[in-house]
1. Quick check: is even one residue across segment A:163-176 acidic (Asp, Glu), over 21 Å from A:LEU102 (Cα atoms) and not in a strand (DSSP E or B)?
2. If we scan segment A:87-99, do we find a residue that is more than 22 Å from B:ARG297 (Cβ to Cβ) and more than 14 Å from chain C (Cβ to nearest Cβ)?
3. Inspect segment B:341-353 for any residue being within 14 Å of B:ALA329 (Cα to Cα), more than 14 Å from chain A (Cβ to nearest Cβ), modelled with pLDDT under 95 and not in a helix (DSSP H, G or I) and give the result as yes or no.
4. I want to confirm something. Restricting to segment B:270-290 and keeping residues that are modelled with pLDDT of 90 or more and assigned to a loop (DSSP other than H, G, I, E, B), which single residue is nearest to B:PRO199 (Cα to Cα)?
5. In segment C:104-128, which residues are in contact with a Leu (Cβ under 8 Å, 6 or more places away or on another chain), surrounded by 15 or more Cβ atoms within 10 Å (Cβ to Cβ) and assigned to a loop (DSSP other than H, G, I, E, B)?
6. Residue under question is B:VAL267, and the condition is that it be in a loop (DSSP other than H, G, I, E, B), touching a residue at least 24 places away in the same chain (Cβ under 8 Å) and either more than 14 Å from every other protein chain (Cβ to nearest Cβ) or closer than 26 Å to B:ILE67 by Cβ (or both); does it hold?
7. I'd like the full set of residues that are in contact (Cβ under 8 Å) with a residue 40 or more places away in the chain and either in contact with a helix residue (DSSP H, G or I) (Cβ under 7 Å, 6 or more places away or on another chain) or among the aliphatic types (A, V, I, L, M) (or both), limited to segment A:106-129.
8. What residue, among those in segment A:52-62 that are within 18 Å of the chain's Cα centre (by Cα), within 12 Å of chain B (Cβ to nearest Cβ) and not in a helix (DSSP H, G or I), is surrounded by the fewest Cβ atoms within 10 Å (Cβ to Cβ)?
Amino acid sequence: MLKKRIIARIDVKNEFVIKGIHLEGLRKVGDPHELAVRYYEGGIDEIIFMDAVASLYGRNNLFHIIEQACRDVFVPITVGGGIRSLTDIEKALKSGADKVALNTQAVKTPQLVSDAARIFGSQCIVSSIEAKRAGNSWEAYIDNGREHTGIDAIQWARQLQELGAGELLITSVDREGTKSGFDNDLLSRVCDQIIVPVIASGGAGVHTHVVTMFDSSQSDAVALASLLHYNLTTVKVLKADLAENGVPVRL
Amino acid sequence: MSEKKLETYYGLPSEVKFCKRCTMSNQRPSCVVEFKHKPEDKKPTIFFDEEEVCSACRFSDIKETKIDWVQREKELGELCNKHRSKDGSYDCIIPGSGGKDSAYVSHLLKYKYGMNPLTVTWSPHKYTAIGWQNFQRWIHAGFDNILTTPNGKLHRLLTCLAFENLCHPFQPFIIGQKMTAPRYSALYGIPLIIYGESPVEYGNSIEEADRPTMFPSFYTEKPDLDSLYLGGVSARELIEQHGVSRNDLNPYLPVDGERLQKIGTEVHFISYYQKWDPQENYYYASEHSGFQSNTERTEGSYSKYSSIDDEIDPFHYYTTLIKFGIGRATYDSAQEVRNGKITREEGVALVRRYDGEFPSRFFENMLEYMGISEEKFWDVINRSRSPHLWEKSYGSWALRHQIT
Amino acid sequence: MTMPSIAIIDYGLGNVRSIANALETVGARSLLTRDQSVILAADGVVLPGVGAFRQGMENLRRYDLCDTLHRLKAVGKSLIGICLGMQMLLETSEEYGVHEGLGIIAGEVVRMPVTAKLPHVGWNEIAEPASGVWRDTIFYNVKEASSLYFVHTFAAVPTDAAQILTITEYGGHVFASSLQSGNFYGCQFHPEKSGEIGLKMLKNFVEML
């Protein structure tokens, strides 16, 4: 049977892995390659590298990190942050990434998602949504949680699926970095409405958060940052605990 | 082509330079005694050395390499031992708003050093929702607090006058904020006042880096209605021409120095005793007092957690942009570059993207608060632009010098 | 003994860098090429592939590689087709209309039933279809129920069930996750992205050349 995926989310700025709270106050926590290898050796299922300043500089700077990671890490690698054009996507895939994550540019020009899906295949395209609670629903944010869009995040998720996104990465801006648990309402609502796989991100502080998240939503994967980068747990220990709690994982 | 020498306002340096290490420019004014602030004053500005590095960056070098923080922490311990109360009375006053800095300072002193602080707050002009929530969270994290809200009518008048005469709408807040702690020190006989960071962190008077305390001249004075200025207008003129009573002026006037001397009032900076890092304060405050950053970045900057409790605050930074060419993103990024959080390259990109952003969110509220029209607002703004910093081309204003 | 050389067929699709890295890790040299003589001279061949069937076949035709692939089969050269690379070995696929494949393995490629989310993405288990099938193949020392990385919407259905090497269950439906026809292997999953197990299989492939 298909396992739930445990993904390491590695945000990079100026060659450092960084981590914040609510996508704010970014602290350096390590070296991207070192962490990627550590997690791979620990049994991580996938790795996502996000360029935290790409939107600011108008370019993604992680391709050399991807090239290096591909030499030592033999699980799927996704790269995101500042991916703006088909050329950017091509560059990313050529450098060794298996998938690209799109957020800001997809909101500005949704056509990019459909073009990319057509040319590179849906399986290469992960659409990333940063969602913040707004009344009864959630609003989509862009630019690393800096700008709000006025767009309903759930509706946007449906639209992205229609445009051809192969997976959705859903980050809760409210929970991100707080280690207080996932926004399970958000995740259930998204999973209810779409059929492509969903990766949950934002909020894991202890193992039970992950268990509860998988139990209460139909998410297919979880992206972890604080939990791993701050050594609150290891991939091995986490997976063993998940398995014991009935979550099917690759051991 | 004739080189017409451009007029410079406020006594600023005529040549604009940017620090080679951070994003600050040499136009940054140093701290002044606000209750002496007259419209025609010439402003002292931050010092740039011959390598074009600002004194704040030089001070951050000193922080990294020359200060014995272990020794300084010991001194803090001794200071606390000296003042710690044995009978349950308050032993120190901590002025603050419940923002990340005061949340950090108060929590540190109470829960690590066992002090019994009375926190005192000078109310923002207009609380933002997030500001009020964080204020409440702070109190509920376990602190006694006195919130002082000045006479609203006078506060608005002073804000309007400060804006019209000095292009400095935030002045009434700044003055009152500085007076609050000394006022309560005098009222309750509590000598020890603890602030967060010293102006030395921003490059002011670097020769005073060895001093743990604030100069009394910043908060004490023999009340003299002719030499005290509020909103660019003398206290006497406020009474005689603006219908303000002597009683009303009380919260804004410095406390009598003799009175404070009798009590033994001292204003200490935590930044003398511990390496000051605002981002680390954010983390500490998030974890210990439930401080939450805003959901959106503040207009004029990229930050979501710095100074978010007053609707008027963004206009303070907008007016520093107008007068000195320095907006909020510059202030935020300069400090983060010095503390190693971002590179100068990133700081420059952030400043270029956000510094000039107009704070439209609370603009209507601001006009209403001050009781002026939009036209009047732009009148004041435009006549406050120093010609050596601004030029008008194709009908819109642009800074002559942008950081690179 | 010299390192075995593997030709990775270059027809513009597939994560070739990852495949090359994986092969290097397991002790082979690799060369990305579409030159028929180079491909035929290599010790082994990898046919990568990510994307749509029709595009893949068009590219193979454009670069005159269909003939090369048939030749490889005829001379008994070892080849491993990955993902789309495997699917194209079959006769037809119904992805975006009915399209002709290489027809090297009898059978068709059909859309997976929508009883679960599609595409099928993630780590899933492989099982031996019957006892002893894995002996003398690249799975000979792989543990039953090992997890490998899949990402696809269509699956191969070979005419000859004996050519099914591994089976996998998804959404209550069992499908062929890898095939073997003589010296040709086809894997629906990505061994170059399946951690140590995937590397082990590639190592076996290289060692058995």
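The values are calculated or read from the model by the stated rules, or taken from the named source; none is laboratory data. The model shown is predicted, which means the values in this text are computed figures rather than measured ones. For neighbour counting, all protein chains shown are included, and Cβ atoms are generated from backbone atoms with ideal geometry for every residue, glycine included.
1. no
2. Going residue by residue through segment A:87-99, those that are more than 22 Å from B:ARG297 (Cβ to Cβ) are A:87-99.
If we keep only those that are more than 14 Å from chain C (Cβ to nearest Cβ) as well, we get A:87-88.
Yes, some residue in segment A:87-99 is more than 22 Å from B:ARG297 (Cβ to Cβ) and more than 14 Å from chain C (Cβ to nearest Cβ).
3. Checked against the condition, which is being within 14 Å of B:ALA329 (Cα to Cα), more than 14 Å from chain A (Cβ to nearest Cβ), modelled with pLDDT under 95 and not in a helix (DSSP H, G or I), segment B:341-353 yields no hits at all.
4. Restricting to residues being modelled with pLDDT of 90 or more and assigned to a loop (DSSP other than H, G, I, E, B), the top hit is B:TRP276.
5. Selection gives C:ILE104, C:ILE105, C:MET112, C:ALA116, C:ILE126.
6. Values: in a loop (DSSP other than H, G, I, E, B): no; touching a residue at least 24 places away in the same chain (Cβ under 8 Å): yes; either more than 14 Å from every other protein chain (Cβ to nearest Cβ) or closer than 26 Å to B:ILE67 by Cβ (or both): yes.
So B:VAL267 fails the test.
7. Within segment A:106-129, A:ALA106, A:VAL107, A:PRO110, A:VAL113, A:SER114, A:ALA116, A:ALA117, A:CYS124, A:ILE125, A:VAL126, A:SER127, A:ILE129 qualify.
8. Start the filter on segment A:52-62 by keeping residues that are within 18 Å of the chain's Cα centre (by Cα), which leaves A:52-55, A:60-62.
Those still in the list that are within 12 Å of chain B (Cβ to nearest Cβ) too: A:52-55, A:61.
Still in the running and not in a helix (DSSP H, G or I): A:52-53, A:61.
Values: A:ALA52: 23, A:VAL53: 25, A:ASN61: 17.
Taking the candidates together, the pick is A:ASN61.
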